[in-house]
Amino acid sequence: MTCSKEYIERAENAVLHTYNRFPVVFDHGEGVYLYDLEGKKYLDFGAGIAVFSLGYGNQEYNEALKNQIDKLLHTSNLYYNVPMTEAAEKLLKASGLSKVFFTNSGTEAIEGAIKAARKYAWLKDNSTDHEIIAMKHSFHGRSMGALSVTGNSHYQEPFKPLIGGIKFADFNDLDSVKAQITEKTCAIILETVQGEGGIYPAEKTFLEGIRKLCDEKDILLILDEIQCGMGRTGTMFAYEDYGIKPDIMTSAKALGCGVPVGAFVLNEKVANSSLKPGDHGTTYGGNPFACAAVSKVFDLFEEQHILEHVQEITPYFEERLDGLVEKYDFFTQRRGKGLMQGLVVEGRPVGEIVAKALENGLVVISAGSDVLRFVPPLIITKEQIDEMVEKLEKTIDGQ
Ligand SMILES: *Cc1c(COP(=O)(O)O)cnc(C)c1O
C-alpha cells in the first residue's frame with residue numbers, strides 16, 4: 001500500500017511550494033469526518049475553508065452531480081444551458097439582487113465586481129481615474145485586481161505595481177472610510193464578516209453608515225460574501241442580518257459546496273449600467289456541471305432547513321467556545337457570527353495548536369496571525385461540537 005509519506009514527498013517534488021502544508025493526505029469524507037490514507041478519522045471544523053457546508057458524501061448532492069456528468073459537462077458561454085439558468089434564478093431569489101455572472105472562483109468574482117464598478121462609474125462621467133476604498137486586514141483573493149483591494153502589505157509588496165486608485169480605511173470605523181472619500185470614489189468593498197483577517201463581523205452602525213454614504217454619493221457598495229455567505233452566519237447572506245443590501249455581492253466557497261464556482265451578483269441599477277457584451281467573459285464560468293452543483297445546494301439548503309439549523313445551534317456553539325475562553329488564559333476573546341467563529345490566542349503560536357489538533361484528529365484552521373478559526377460544515381450537531389471541544393482540550397492540555 002502506498003502511504004501518505006510517499007505521496008507527500010511526490011507532491012513536494014511536483015507541486016509548486018506555495019503552501020506549507022500539514023503532513024496529511026486526506027482520502028475520503030463522510031458527513032463531518034475526513035479520513036486520511038491510513039484510515040485515521042478526523043472531525044472537520046475547517047470544511048475545506050468554509051466550503052463543505054453540507055458535509056461530505058451527501059447522497060442527493062452527489063447524485064445530482066453524477067447525473068449532470070453523464071448528461072453534459074460544458075458548452076461555453078456562446079450558448080444557453082439549463083443548470084446555469086436555474087442556479088442563477090435561485091441565487092437571485094436568495095440574494096434579493098437582480099443579475100448574476102458565474103465565475104470559477106472567489107477571486108474571479110472579485111475581479112468581475114471591480115470591473116462592473118469601474119464600468120458603472122465610467123459610463124457616468126467618461127473618466128478613468130475612479131477610486132475604490134477597501135479595508136485594512138481584508139482578504140479578497142490573489143490575482144492582481146483582487147490583491148489590490150486586499151489590505152495586507154505582506155501579500156501585496158512583491159507584486160507591485162498593483163491596480164491604481166485603491167485606498168484603505170479601517171474596518172468598523174466609519175470616519176476612517178469618510179476620510180478616504182473623494183469625488184472620484186466609485187466603490188467601497190468589504191467583507192460583511194472579515195474572514196482571513198481574523199473573523200471580524202461588521203458592526204451594524206458601521207454597515208448602515210456605509211450604505212447611507214454610498215446612497216448619498218452614488219458610490220457602489222460591494223459586499224464580499226465569499227466566506228461569510230451561503231448560510232454560514234445563519235442567514236443566506238450575512239448582510240441580511242444588517243437590514244441592508246449591497247449593490248454588488250460576491251459569492252464562492254460554499255456556493256458549490258465542493259465544486260469550484262463563484263459569482264458576482266448585481267442589483268438592477270448596476271446591472272443596467274455596467275458590463276455589456278464584450279466587456280467580460282469566461283470559458284468555464286456558468287458551465288452546466290458547476291451550476292448543477294449550485295442549483296442542488298440551494299435545494300438542499302431548503303429541504304434540510306440548513307438556515308434554521310445554523311440559527312438553532314449557534315448559541316450552543318458560542319457557549320462552548322466561551323467556556324474555552326473562561327477556562328484558558330491564552331484564549332482571550334471569541335469573535336464571530338453563526339458558524340463562523342474565532343478564538344483569539346495570546347502568548348502561544350496558533351499554528352502549533354492547529355498542528356497538534358490535527359494530530360489528535362481535529363481539523364481547525366487559523367485566521368490572521370493569532371486567531372483559531374472554526375468554520376464547520378453547517379450540518380454540525382451538538383454532539384460533534386462537544387467532541388470538538390473535547391479534542392481541543394486534549395490538544396491543549398497535552399501540549
Ligand atoms: C477565499 C476568499 C476569497 C478568494 O476566493 P478563492 O475562491 O480562493 O479565489 C475572496 N474573498 C474572501 C472573503 C475569501 O474568504
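The values are calculated or read from the model by the stated rules, or taken from the named source; none is laboratory data. All values reported here derive from a predicted model rather than from experimental measurement. Cβ coordinates were reconstructed from backbone atoms using ideal geometry, including for glycine residues, and neighbour counts include every protein chain displayed. Ligands, DNA and RNA are excluded from the accessible area calculation, which covers all protein heavy atoms including side chains. Shrake-Rupley method; radii C 1.70, N 1.55, O 1.52, S 1.80 Å.
Side notes on the structure shown:
- Any hit, the stretch 298-306, residues being within 16 Å of the ligand (Cβ to nearest atom), assigned by TED's automatic domain parsing to the domain that holds residue 132 and surrounded by fewer than 24 Cβ atoms within 10 Å (Cβ to Cβ): no
- Condition met for residue 383 (modelled with pLDDT of 95 or more and farther than 16 Å from residue 33 by Cβ): no
- From the options 41, 71, residue that is over 30 Å from residue 381 (Cβ atoms) and of a type outside the set (Val, Ile, Thr): 71
Conditions tested, residue by residue: (1) within 16 Å of the chain's Cα centre (by Cα); (2) assigned to a loop (DSSP other than H, G, I, E, B); (3) within 27 Å of residue 144 (Cα to Cα).
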position: 180; (1), (2), (3): no, yes, yes
position: 190; (1), (2), (3): yes, no, yes
position: 197; (1), (2), (3): yes, yes, yes
position: 205; (1), (2), (3): no, no, no
position: 223; (1), (2), (3): yes, no, yes
position: 229; (1), (2), (3): yes, yes, yes
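- Neighbours by Cβ (under 9 Å, 6+ apart or cross-chain): first from the stretch 157-169, more than 24 Å from residue 183 (Cα to Cα); second open to solvent by 50 Å² or more (accessible area, probe 1.4 Å) and outside any loop (DSSP other than H, G, I, E, B): 159/144
- The set of residues in the stretch 363-381 being open to solvent by 10 Å² or more (accessible area, probe 1.4 Å) and over 30 Å from residue 302 (Cβ atoms) consists of 366, 368, 369, 370.
- Qualifying residue in the stretch 369-379 (condition: over 22 Å from the mean Cα position of the chain (by Cα) and in a loop (DSSP other than H, G, I, E, B)): no
- Strands (runs of 3 or more DSSP E) enclosed by the stretch 10-49 - at least 2 residues per element that are open to solvent by less than 50 Å² (accessible area, probe 1.4 Å): 33-36, 41-44
- Considering 241, 215, 224, the condition of being in contact with a Lys or Arg (Cβ under 8 Å, 6 or more places away or on another chain), on the phi < 0 side of the Ramachandran plot and of a type in the set (D, E, K, R) is satisfied by 241 alone.
- Test for residue 316: is it among the aromatic types (Phe, Trp, Tyr), open to solvent by 30 Å² or more (accessible area, probe 1.4 Å) and away from the ligand (no atom under 16 Å from the Cβ): yes
- Residue 271 touching a Gly at 6+ places or on another chain (Cβ under 8 Å), at negative phi and in a helix (DSSP H, G or I): no
- Test for residue 281: is it within 16 Å of the ligand (Cβ to nearest atom) and surrounded by fewer than 24 Cβ atoms within 10 Å (Cβ to Cβ): no
- Taking first residues from the stretch 240-254 that are β-branched (Val, Ile, Thr) and partners that are buried (at least 19 other Cβ atoms within 10 Å of the Cβ) and assigned to a loop (DSSP other than H, G, I, E, B), the Cβ contacts under 7 Å between residues at least 6 apart in sequence or on separate chains come to 250/225; 250/226.
- Subset of the stretch 234-261 that is within 13 Å of the ligand (Cβ to nearest atom) and open to solvent by 20 Å² or more (accessible area, probe 1.4 Å) - its residue that is nearest to residue 190 (Cα to Cα): 253
- Pair list, Cβ under 7 Å, 6 or more apart: the stretch 1-26 residue aromatic (Phe, Trp, Tyr), other residue part of a helix (DSSP H, G or I): 22/355; 22/358
- Filtered residue count, the stretch 382-399, keeping only those that are open to solvent by less than 30 Å² (accessible area, probe 1.4 Å) and not hydrophobic (A, V, I, L, M, F, W, C): 1
- If the condition is being closer than 25 Å to residue 285 by Cα and more than 17 Å from the chain's Cα centre (by Cα), then the stretch 237-255 contributes 245, 247.
- Unique match (being surrounded by fewer than 21 Cβ atoms within 10 Å (Cβ to Cβ) and either of a type in the set (A, V, I, L, M, F, W, C) or more than 30 Å from residue 72 (Cα to Cα) (or both)) among 337, 269, 276: 269
- On the stretch given as the stretch 178-203, residues that are away from the ligand (no atom under 16 Å from the Cβ) and in contact with a helix residue (DSSP H, G or I) (Cβ under 8 Å, 6 or more places away or on another chain) total 4.
- Sole exception among (1) within 15 Å of the ligand (Cβ to nearest atom); (2) open to solvent by less than 10 Å² (accessible area, probe 1.4 Å); (3) touching a helix residue (DSSP H, G or I) at 6+ places or on another chain (Cβ under 7 Å) for residue 206, by number: (1)
- Selection within the stretch 301-345 - aliphatic (A, V, I, L, M), part of a helix (DSSP H, G or I) and under 19 Å from the mean Cα position of the chain (by Cα): 306, 307, 310
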